[in-house]
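K.L.:
First the structure, then my questions, so here it is.
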Amino acid sequence: MIKFVALGLLGVFGFGTSVGAPMVLESASASEADVGDAVELGTSCNNVDIKVFNQKSDQIKVTKISYRIDGKGTAHSEDLADTEIGKNGGNHTWKNQKLQHAPEGSKLTFKVFFKNDKVGGWGDEVSQEFDRLGNSCTDGRDYTFTIN
């Protein structure tokens with residue numbers, strides 16, 4: 001529990017305490033409240049390498065990844081700078097990414113967002129999902145995704 005002490009200002013507005021009398025207000029802690037996917041400072045997965053292989057017969061442009069903790073809840077995005085990856089096995093690695101909303105030890109599902117190379121430009125953004133719930137996120141971890 002997080003406790004706040006008010007100096008009786010609520011009594012001024014007729015809420016039952018006299019002016020100047022301390023009053024304790026209680027607020028639920030982060031573990032007791034529904035605060036989404038909050039992560040304590042310094043506990044997120046750091047220095048994570050994200051590697052994407054392109055097995056398609058056309059070049060792709062990777063725009064971002066998103067991840068969900070335990071495969072549910074809020075999807076958190078990490079931009080990947082619209083990186084073009086060559087066809088038929090081309091790949092790229094984004095080094096030292098910080099998954100700031102993923103606590104160390106969490107299990108994650110991912111989506112890789114990309115655009116297909118079309119004659120005259122890039123197609124609409126599409127995504128492919130990846131289940132990595134069998135492995136825990138730790139500092140220095142590598143995640144590899146193959147786009148088919």
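K.L.:
Is the range 96-104 home to any residue that is over 11 Å from the mean Cα position of the chain (by Cα), within 20 Å of residue 45 (Cα to Cα) and not in a strand (DSSP E or B)?
P.N.:
Scanning the range 96-104, I find at least one residue that is over 11 Å from the mean Cα position of the chain (by Cα), within 20 Å of residue 45 (Cα to Cα) and not in a strand (DSSP E or B), so the answer is yes.
K.L.:
Answer with yes or no whether residue 88 is assigned by TED's automatic domain parsing to the domain that holds residue 56, closer than 20 Å to residue 56 by Cα, modelled with pLDDT of 95 or more and not in a strand (DSSP E or B).
P.N.:
Yes; evaluated as a whole, the condition is true for this residue.
K.L.:
Additional query: Could you identify the single residue in 82, 58 that is over 12 Å from the mean Cα position of the chain (by Cα), part of a strand (DSSP E or B) and not polar (S, T, N, Q)?
P.N.:
82
K.L.:
Report yes if some residue within the range 63-74 is under 13 Å from residue 147 (Cβ atoms), within 13 Å of the chain's Cα centre (by Cα) and in the same structural domain as residue 141 (by TED's automatic domain parsing); otherwise report no.
P.N.:
yes
The values are calculated or read from the model by the stated rules, or taken from the named source; none is laboratory data. Remember, it's a predicted structure, so these values are computed and weren't measured experimentally. Neighbour counts run over all protein chains shown; Cβ positions are idealised from the backbone, glycine included.
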